[in-house]
Each structure stands twice: as C-alpha cells, then as structure tokens.
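The values are calculated or read from the model by the stated rules, or taken from the named source; none is laboratory data. Just so we're clear, the structure is a prediction, and the values are computed from it rather than from any experiment. So basically every Cβ, Gly included, is an ideal-geometry build from the backbone, and we count neighbours across all protein chains shown.
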Amino acid sequence: MPEITVFLDPEKLPHRAQPKPVFDKNMGNYYGVLPTFNAQLNVFGAQVTAIASDVTAKASAASASAQLAAASAIDAASIAGADAWVSGRTYAKNASAISQMNFQTYRRRVAGSGTIDPLNDSTNWAILNGDGAFIPQAIPAGSINLAIGNYHTKTIASNQAFTLDNCPSDGFSVIIRLTVTSGIVSLPTSVVTPDSVPYTLTAGRKHLLMLVTENRGVNWLMAAATNYPV
C-alpha cells in the first residue's frame with residue numbers, strides 16, 4: 001500500500017496563532033503535499049474496497065465448504081457398510097444403498113421397493129453428501145440434476161438459462177462452477193442474491209455460484225465467488 005503522510009504535529013499545521021513567517025511556511029508546505037496526499041488516499045481507498053470484496057467472496061466460499069463438511073460428517077456413519085442397490089428389494093426407511101449408475105450412496109426416504117435406480121428416484125431416495133457427492137458433475141444442458149451431487153460444472157459459450165431440478169432434501173446446498181467464454185447466465189426466479197444485486201461473470205474466467213435452500217428448492221439463497229483465472 002502507498003505510504004501516506006499525516007500531519008499530527010500542531011506546529012507543522014498552519015494556524016493563526018503562528019507568527020506570519022511560520023504560518024506562511026507551514027501553509028506552503030501544506031499545499032505542497034496536499035495533491036500527493038489526496039492521490040495516495042484515493043489509491044488507499046480503492047485498495048480497501050478491493051480487499052473488502054475479496055474477503056466477502058472468500059467468507060462465502062468458506063461458509064459453503066463448512067456446510068458441506070458438516071453434512072459429510074453426519075452422513076459418514078450411514079455410508080459405512082452400504083450395499084449395492086437391488087431392483088425390487090424392499091428397503092426400510094433410512095436404509096442406505098449404493099446406486100449402480102453413479103456409485104454414490106443414497107438413503108431411503110420411506111419404506112418400500114422399486115425398480116428405479118436411486119439416482120433417478122428422488123421421490124424415494126436422498127443422496128448422502130459424504131460419499132463422493134462432491135465429485136464434479138458435468139451439466140449436460142440447462143437442467144442441473146441436484147439428485148446426483150453437490151458440485152456441478154459447465155463451460156458457457158453463449159446465453160444459457162439454468163433450472164435447479166430434483167432437489168433431494170429440504171435443507172440442501174450446491175456449488176456450480178462455470179467457465180464463461182461468452183454469453184449471459186440466467187437462473188430461476190427462485191434464486192435471490194444479497195440485496196437482489198446481480199453478479200458480473202467476466203468472460204475468460206471461472207466463477208463459483210453457491211446456493212442453499214431450506215425448503216427443497218422452493219427458494220434459494222445464492223452467493224458467488226467470481227473471476228478466478230482459467
């Protein structure tokens with residue numbers, strides 16, 4: 001940061017009690033350094049603003065990571081010893097099984113059986129965060145399938161509208177990593193940002209969108225960490 005000279009010694013500041021020669025000298029010195037001081041102060045203010053923005057983004061990212069870590073710790077006990085899902089088998093409520101499509105672990109929402117793999121049956125199964133749910137999942141088009149994990153990625157080369165589908169639980173968080181080449185990204189109206197201010201996603205950069213819901217995706221709160229180097 002630039003060094004800023006601050007006059008704190010009253011004898012170095014011009015004031016009427018000083019003899020005229022001293023007053024004139026101090027006044028000349030004061031006006032001489034004032035332009036430099038103002039320029040330095042402007043630079044300092046810009047740096048403080050940049051640091052504050054960076055701290056806010058890092059705090060948001062840390063909060064999202066902490067939520068995922070807590071969920072993983074809670075689910076770890078349920079994951080241990082889970083067997084491969086078997087079509088037609090009857091499962092008790094809260095029983096765990098491993099999908100044979102993405103090899104992640106799911107918990108049964110209600111007792112019963114079925115022939116649909118847990119990956120595609122968010123009505124009866126909920127994914128457990130602790131078993132690789134943070135593995136990057138490529139977004140094939142505009143639909144983000146939340147049932148397959150908490151981390152989704154896509155490169156944007158034109159205008160792209162996204163939907164958030166198959167939210168597996170009332171409380172759920174997800175991170176979307178976008179690499180923007182060009183275009184405008186649109187999210188559902190259920191997603192809100194601080195003060196409803198949109199984020200700017202710079203082309204040629206990577207961006208992390210962090211979302212959390214408490215009502216199975218009816219509403220989402222989003223924070224973003226933007227403009228990482230590609």
Qualifying positions in the range 198-215 - in contact with a Phe, Trp or Tyr (Cβ under 9 Å, 6 or more places away or on another chain) and more than 14 Å from V185 (Cβ to Cβ): V212, T213, E214
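Would a scan of the range 157-165 turn up a residue that is more than 26 Å from N120 (Cα to Cα) and either in a strand (DSSP E or B) or in contact (Cβ under 8 Å) with a residue 60 or more places away in the chain (or both)? Step through it out loud before you land on a result.
Keep residues of the range 157-165 that are more than 26 Å from N120 (Cα to Cα), which gives 157-159.
Imposing the further condition that a residue be either in a strand (DSSP E or B) or in contact (Cβ under 8 Å) with a residue 60 or more places away in the chain (or both) reduces the set to none.
No, the range 157-165 has no match at all.
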Checking L221 against (1) under 21 Å from A138 (Cα atoms); (2) modelled with pLDDT of 95 or more; (3) of a type outside the set (D, E, K, R), the condition it does not meet: (1)
Residues satisfying the stated conditions in the range 182-212, i.e. more than 16 Å from H152 (Cα to Cα) and in a strand (DSSP E or B): V191, V192, R205
Pair list, Cβ under 9 Å, 6 or more apart: the range 136-147 residue in contact (Cβ under 8 Å) with a residue 40 or more places away in the chain, other residue aromatic (F, W, Y) and buried (at least 20 other Cβ atoms within 10 Å of the Cβ): L146/F172
Given (1) assigned to a strand (DSSP E or B); (2) closer than 19 Å to A141 by Cβ; (3) in contact with a helix residue (DSSP H, G or I) (Cβ under 6 Å, 6 or more places away or on another chain); (4) not β-branched (V, I, T), number of the condition L178 does not satisfy: (3)
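Residues are listed down the side, and each one gets a yes or a no for (1) out of contact with any helix residue (DSSP H, G or I) (no Cβ under 7 Å at 6 or more places or on another chain); (2) surrounded by fewer than 21 Cβ atoms within 10 Å (Cβ to Cβ); (3) more than 30 Å from A203 (Cα to Cα):
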position	(1), (2), (3)
G88	yes, yes, yes
A95	yes, yes, yes
G112	yes, yes, yes
D117	yes, yes, yes
I127	no, no, yes
A141	yes, yes, no
L146	yes, no, no
H152	yes, no, no
T155	yes, yes, no
Selection status of S169, closer than 30 Å to R89 by Cα and hydroxyl-bearing (S, T, Y): yes
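Within the range 181-197, can you find the residues that are touching a Phe, Trp or Tyr at 6+ places or on another chain (Cβ under 9 Å) and hydroxyl-bearing (S, T, Y)?
Here is the first cut: in the range 181-197, the ones touching a Phe, Trp or Tyr at 6+ places or on another chain (Cβ under 9 Å) are 185-188, 190-193.
Result: S186, S190, T193.
Tell me which strands (runs of 3 or more DSSP E) are completely within the range 103-153 and hold 2 or more residues being under 17 Å from R89 (Cβ atoms) and modelled with pLDDT of 90 or more, or say none if there are none. First the steps, then the outcome.
Working: elements: 105-108, 125-127, 143-145.
So the answer is none; nothing clears 2.
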Restricting the range 89-102 to residues that are in a loop (DSSP other than H, G, I, E, B) and closer than 23 Å to Y151 by Cα, the residue that is farthest from the chain's Cα centre (by Cα): Q100
Matching entry among F162, F172 (being aromatic (F, W, Y), surrounded by 16 or more Cβ atoms within 10 Å (Cβ to Cβ) and at pLDDT 95 or above): F162
Of residues in the range 41-88 being modelled with pLDDT of 75 or more and assigned to a loop (DSSP other than H, G, I, E, B), the one farthest from N227 (Cα to Cα): G88
